[in-house]
Amino acid sequence: MPRPKKCRRICGMPPVKSFEPVGAPLVGETVTLTVDEYEIIRWIDLEGLSQDESAERMGVARSTVQRIYDEARKKLADFIVNGKTIRIEGGDYQLCEGDLSKPCGCHKCRRQRNHNACD
C-alpha cells in the first residue's frame, strides 16, 4: 500500500491562475500545474533557492521536491511548445499561516488568505 501524500506547505496562492497563448490558434487542450508545482518553480527558478532549501520550506524531502520540479517543468514545456492553455489549481498543499512553531523560512510570506487544500 502506498504512503499517504504529505501535505506541502506553500507561502502564497498564485496571483494569476490561467495563461493562454496569444496570436496562435488555441489547440483546445489545457495543462494543469498544481499550486505546489507553481511554488517550487517560483522558489527554484525565480528566487534561486536550492532543492534542499525548497524542501525545508515545503516540509518535504528533497527527493519529493525534485519530483515536483521535474513534473512542473515538463508541464511548462508542454504549455510553451505546444501552445496549450495552462491553469494553476489543485494539489496537496497547505497555505503557510505564519505559525512561529512551524515557520516556512521565507521571512516574507505571501499569505493571501487562509486556505488548506489538504483537508
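Some notes on this structure:
- Dividing the C-alpha radius of gyration of the range 8-95 by 2.2 N^0.38 Å, with N its residue count, gives 1.11.
- Amide proton proximity set for residue 32, modelled H, under 5 Å, gap of 5+: 87
- Each label point was placed 7 Å from the Cα along the Cα-to-Cβ direction; for residue 3 and residue 82 their separation is 3.1 nm.
- Packing, as the average of other Cβ atoms within 10 Å across residues, places the peptides 41-53, 57-69 in the order 57-69, 41-53, highest first.
- Coupling constants for the range 53-68 follow from the phi torsions by the Karplus curve (6.51 cos²θ - 1.76 cosθ + 1.60, θ = phi - 60°), and in residue order they are 5, 5, 5, 5, 4, 7, x, 9, 6, 4, 5, 5, 4, 4, 5, 4 Hz; glycine and proline get x.
- Those aspartates and glutamates that a straight Cα-Cα span of less than 17 Å connects to residue 84, excepting residues fewer than 8 apart in one chain: 20, 29, 71
- In this structure, the amide hydrogen of residue 93, modeled 1.01 Å from its nitrogen in the peptide plane, lies closer than 5 angstrom to those of 8, 117, 118, counting only residues at least 5 positions away or on a different chain.
No value in this document is a laboratory result; all are computed from the given coordinates. Nothing here was measured: the structure is a model prediction, and the numbers come from that model. We place every Cβ from the backbone using ideal geometry, glycine too, and count neighbours over all the protein chains shown.
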